[in-house]
Amino acid sequence: MGRTWTSMDDFEAFLDGGGIVEVDDDMPDAYRQAVFAFIEMHANSELMGGLTERDWIPRTPGLRHKMAVLAKTQDEIGHAHLLYMVGADLTVKTRPGMLEDLFAGRSKFHNVFHYQAKTWGDQVAISFLVDAAALASQQAVFKNCSYGPYRRILKRIISEEGFHMRMGEERMLRIAAGTEMQRTMFQQSLDDWWWPALQLFGPDTRPGDVLLRWHIKSERNEVLRASWVQKFVPLLMSYGFTIPDPGLTHDPAADTWTSGPIDWEPLKRTLAMGGPDSARRIADAAANWADTHWVRRVLDDAPTRAAGTAA
Amino acid sequence: MTTDLLADRVRSAVATVDDPEYPGISIIDLGLLESLDTTPDGHVAVGLIPTFSGCPALSMIADDVRRAVDDVNGVASVDVRWLGAPVWSVDRVTETARATMAREFTVAVRIGRGPVACPRCGSPTDERSMFGPSRCRAVHTCPTCAEVVEVMRA
C-alpha cells in the first residue's frame with residue numbers, strides 16, 4: 001500500500017523536496033483531480049491529433065512522407081492509449097467515461113485541434129510549429145513532474161515527439177527550397193497557424209497556479225512561449241518568410257524577439273468548443289469510435305492467449 | 001595508418017548515432033549495424049538493417065550515420081545502405097540497450113516466449129494490446145505495481 005500524508009502542508013513539503021507520487025499513494029483529492037485533468041487533456045489531444053494525422057495519410061505527397069504520416073498516426077493513437085490507461089488508474093473517470101466526455105464536448109483538448117488543416121502547407125506548419133510547441137510544453141512538464149506514472153510515460157512520448165519535430169523541420173526545409181507556388185502556400189499556412197501555435201502555450205501563468213505549486217508543471221507558460229518565439233522568428237525569417245505579427249519587436253542589443261499583443265479570444269472560443277472546426281472534429285472522432293466498435297468487440301471476444309504464444 | 005584502425009574509428013562514430021526514438025541508445029546496441037567495410041584508401045561501406053521495413057526513421061538514421069562517418073579522420077567516402085537481409089529481431093538488442101530501455105524508458109524487450117518482467121518491479125506483466133505507438137512494441141500492464149509498460153518484440 002502507498003504512502004499517506006497528514007496534511008496538505010505535509011504533502012506539499014514532500015513535493016517541494018522532490019518527492020514523486022505513485023498511483024497507490026493516498027494523495028490529496030485536489031492533487032489527484034489536477035493531475036487527472038492534465039493527463040486527460042493530453043490524452044484527448046493525442047487522440048484528436050492522431051485522427052487528423054490519419055486524415056492526411058491518403059493526401060500526403062510522396063511515399064516517404066506518407067510512411068512518416070502513417071507511423072506518426074500510430075504514435076499519436078498509441079500515446080493516447082497509454083495516457084488514457086495512466087489517467088484511468090487515477091480512478092477519477094474510467095476510460096470509456098473519458099471518451100464519452102470527449103465526444104460530448106465536455107472535456108478539453110488542445111486549441112490547435114479546433115482548426116482545419118486545408119493544405120499540405122498547413123500540415124507542414126503544424127508539424128514544424130505546433131509539434132515544437134507541444135514538445136516544449138511536454139519537456140517542461142517532464143523535467144520535474146511529481147506524478148511518477150505520467151513522468152515515465154512522458155519520457156517515451158517526448159522521445160517520439162522529438163522525432164516528429166525533426167520530420168517537421170525536414171518538411172519545412174523542403175517547402176522553403178521549393179517553387180514560388182509552394183512558398184506562397186507555406187506563407188499562407190504560416191499566416192493561419194502562427195497564432196494558434198503560439199496560443200498552445202496558454203495565457204500567462206497566474207500567481208499561485210497549482211500545477212506549478214505541485215510540481216506538475218515546472219515552467220511558466222509565458223516563459224515557454226517567449227522562448228518558442230525567440231527560436232522560430234529568426235529561423236523563419238532566414239528562409240524569407242514573414243511572421244504575421246505586426247507588433248513583433250526586435251531588441252538589437254540582445255538580439256531578442258518579442259511578440260506583439262496577443263488576442264486570447266480565439267483560444268477562449270476553442271476551449272468552449274466554439275473553434276472554427278470544433279464541431280466537425282468532435283463529430284468525426286465520435287463517428288470513428290462508433291465505426292470501429294466491431295474491432296473492439298472482436299478483440300474483446302477473442303479467447304485469451306496463453307502467455308508466450310505467438311501474436 | 002592501417003585499415004583496421006580506420007574501421008575501429010568508423011565503428012566508434014557509428015556508435016554515437018542514437019535511435020531517433022530512443023535518445024541515449026546507440027543503433028549498434030539495437031542491432032542495426034550488420035556490416036562495415038573499409039578500404040585502405042578510406043572508402044567506407046556501412047550496411048544497416050531496419051527493425052521494421054516500413055520504419056519512417058530510415059532516411060534520418062542513414063543521414064545521421066553518413067554525417068558521423070564523414071567526420072572521421074581518414075574517411076574519403078561513405079556509402080550507407082539499408083540491407084534486405086538478414087531480418088532484424090529482438091535477439092540483436094544488446095544487454096546494455098535492454099538495461100537502458102528498462103531503466104530510462106520503462107520499456108521491456110521480449111526475448112523468446114516466456115512472460116515479460118515489469119521493468120519497474122520485476123513481476124510478470126499482462127498483455128493489453130498487441131500494438132503500441134510503434135509496430136515493434138506491444139502494451140502491457142503490471143498487475144503488481146500498476147505500471148503501463150511498452151514491450152519491444154520481434
From A:VAL69, A:VAL23, grab the single residue that is at pLDDT 95 or above and not small (Gly, Ala, Ser). A:VAL23
Within the range B:57-74, count every residue that is in a loop (DSSP other than H, G, I, E, B) and within 14 Å of chain A (Cβ to nearest Cβ). 1
Starting from residues that are free of Cβ contacts under 8 Å to residues at least 12 places away in the same chain and either charged (D, E, K, R) or within 14 Å of chain A (Cβ to nearest Cβ) (or both), keep the ones in the range B:75-102 and report whichever is most open to solvent (accessible area, probe 1.4 Å). B:GLU95
May I ask you to list the residues in the range B:108-125 that are open to solvent by 40 Å² or more (accessible area, probe 1.4 Å), more than 18 Å from the chain's Cα centre (by Cα) and more than 9 Å from chain A (Cβ to nearest Cβ)? B:ALA117, B:CYS121, B:GLY122
Enumeration of residues in the range B:39-50 that are within 23 Å of B:ALA85 (Cα to Cα) and either open to solvent by less than 30 Å² (accessible area, probe 1.4 Å) or at the interface with another protein chain (Cβ under 10 Å from one of its Cβ atoms) (or both): B:VAL44, B:VAL46, B:GLY47, B:LEU48, B:ILE49, B:PRO50
If you check B:ARG153 against the conditions, is it open to solvent by 50 Å² or more (accessible area, probe 1.4 Å) and either touching a residue at least 24 places away in the same chain (Cβ under 8 Å) or farther than 25 Å from A:MET167 by Cβ (or both)? no
Quick one: A:ARG156 ticks every box in (1) part of a loop (DSSP other than H, G, I, E, B); (2) closer than 30 Å to A:GLU12 by Cα bar one, so which box is it? (1)
Of the candidates B:PHE131, B:PHE105, the one satisfying the condition of being under 28 Å from A:GLU169 (Cα atoms), open to solvent by less than 10 Å² (accessible area, probe 1.4 Å) and within 12 Å of chain A (Cβ to nearest Cβ) is B:PHE105
Name the one entry in A:MET8, A:MET41 that is at pLDDT 95 or above and more than 21 Å from A:VAL130 (Cα to Cα). A:MET8
I'd like to verify a number: residues in the range B:41-71 that are over 14 Å from B:ARG11 (Cα atoms) and of a type in the set (D, E, K, R), how many? 2
Options A:PHE109, A:PHE128, A:PHE113; residue that is hydrophobic (A, V, I, L, M, F, W, C), within 30 Å of B:GLY54 (Cβ to Cβ), away from chain B (no Cβ under 14 Å) and not in a helix (DSSP H, G or I): A:PHE109
Members of the range A:88-98 found to be open to solvent by less than 20 Å² (accessible area, probe 1.4 Å) and under 19 Å from the mean Cα position of the chain (by Cα), listed by number: A:MET98
Quickly run through the range A:213-257 and pick out the residues that are closer than 19 Å to A:ILE175 by Cα, open to solvent by 30 Å² or more (accessible area, probe 1.4 Å) and aromatic (Phe, Trp, Tyr). A:TYR239
Residues within the range A:37-87 that are in a loop (DSSP other than H, G, I, E, B), open to solvent by 30 Å² or more (accessible area, probe 1.4 Å) and at negative phi, tallied: 4
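The values are calculated or read from the model by the stated rules, or taken from the named source; none is laboratory data. Worth saying up front: this structure is predicted, and the values here are computed from it rather than measured. Cβ atoms come from the backbone with ideal geometry, glycine included; neighbour counts cover every protein chain shown. In case anyone asks, the SASA skips ligands and DNA or RNA and just uses the protein heavy atoms, side chains included. Shrake-Rupley method; radii C 1.70, N 1.55, O 1.52, S 1.80 Å.
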